[in-house]
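Data first, discussion second: the structure below is written as structure tokens.
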Amino acid sequence: MHTTFQAVSRQAFGIICVLLLLSGGAALAQQPAPPEQGPPPAGTAQPLSPDQLANLVAPIALYPDSLLSQVLVAAGYPLEIVEAGQWLQQNGNLKGAQLVDAARQQNWDPSIQALVVFPDVVTRLNSNIRWTTDLGNAFLAQQGDVMEAVQRLRSQASQAGKLKSNSQETVTTQTDGGQTAIDIQPADPEVVYVPVYNPAYFWGASMYGPYPPLFYPQIGFGFGFGGGIYIGGFFGGLGWGGWGWGPNWFGRSIYLNNSFFHRYGFNDFHGGGFEGRGVWAHDPGHRLGVPYSNSALSNRYRGAAGGRSAGQGYAAPREQSPRSTTGGNSGNRSAVQAQRFGSPGFDRGNAGANHSAFGGIQGRSQTRQQSDHGYSSLGAGRTQPSRSAGTSRSGGSVSRGGGGGASHGGGGRH
């Protein structure tokens, strides 16, 4: 009987403990949640602040308008940027129109295909794919805010006397409805110079931690340019005025020059008609599974990540046959789509053939991991590596400038 009493007592004690735990949990559930610590939960649409956006766009804010627009569009497709960088390394023998013709055969977004004309820009975007991914995510989520950040930086540089017209570029100001915008265009429509500069030279220390960890010359270097890119050598005398992308500063959007895409065979684009301008729209079919930065973007492009959406003016994907100039990207892309998402066999199959020299990225699965994690500038603990002004730039010399104004020398045409 004593044993039975002990058993019943233990059982009753256990029931009482459970009831106490349940009642305590209910009481906790009724209490207000403590203040949230750290970053917001994954998937929350958390806009970047003006300082964060300025930090993000500072390395490209002084690019010529059309090139800047193309880079903002291309940054939304980070894996294709990595492919383009590897492809350029493997096809260094291609020059001029031959290079552009071969790039058009790759199943990339046109913003990536045409970017091979600017190999130094491809190298920069590949040198820190996390920054590139964050740049693309920010532009997709806050397109108008990103364009405003560029204009604020340009205005500050102009007011400091460090952004002026010269033999490489023309800097002008336009006004519309009381708003102003600073345009940067090549001085010669046939020759484009990509600026080389340290953001700290123009804007001092960033208001949001160090600038993105890319190559920067020393601050005393001032502002210079790489060798000029002769556009006519790639597009048969097209001239910069006919480039495919450009900013609508007052409309807070990117426009497309439809005639550029049709005339030069960039048929997979997101405009309408054969003449005039269209409004650019992101194509999730070229995202290749890289996650978007928040649930709002994911929902916006849901169901379209595997290919073009019907009825949106996208051309049908091209079937491709193997080519000697494809650098491992030949064939029908849909046949290897699943392998792009980190399949071990895919990377093993490309071992030694498609290794990127940019940022230590060895294959598409590693690249996707880098993109997925996001750029550390948007969190704490970012560091900026020390860079030397003596780093060589492919394809041309860099002119040096200093003091209060920008002194520039002309580079050779490519």
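Structure data summary
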quantity: Qualifying residue in the stretch 230-248 (condition: over 22 Å from D101 (Cβ atoms), outside any strand (DSSP E or B) and at pLDDT 85 or above); calculated: no
quantity: Filter pass, Q70 being closer than 29 Å to W249 by Cβ, touching a Ser or Thr at 6+ places or on another chain (Cβ under 6 Å), modelled with pLDDT of 95 or more and of a type outside the set (D, E, K, R); calculated: yes
quantity: Selection from the stretch 69-99 of residues that are surrounded by 21 or more Cβ atoms within 10 Å (Cβ to Cβ) and either among the aliphatic types (A, V, I, L, M) or touching a strand residue (DSSP E or B) at 6+ places or on another chain (Cβ under 8 Å) (or both); calculated: S69, Q70, V71, L72, V73, A74, A75, L79, I81, V82, A84
quantity: Count of the stretch 58-112 residues which are hydroxyl-bearing (S, T, Y) and farther than 25 Å from N294 by Cβ; calculated: 2
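The values are calculated or read from the model by the stated rules, or taken from the named source; none is laboratory data. For clarity, every value in this text was computed on a predicted model and none was experimentally measured. Here Cβ is always computed from backbone atoms with ideal geometry, including for glycine, and neighbour counts include all displayed protein chains.
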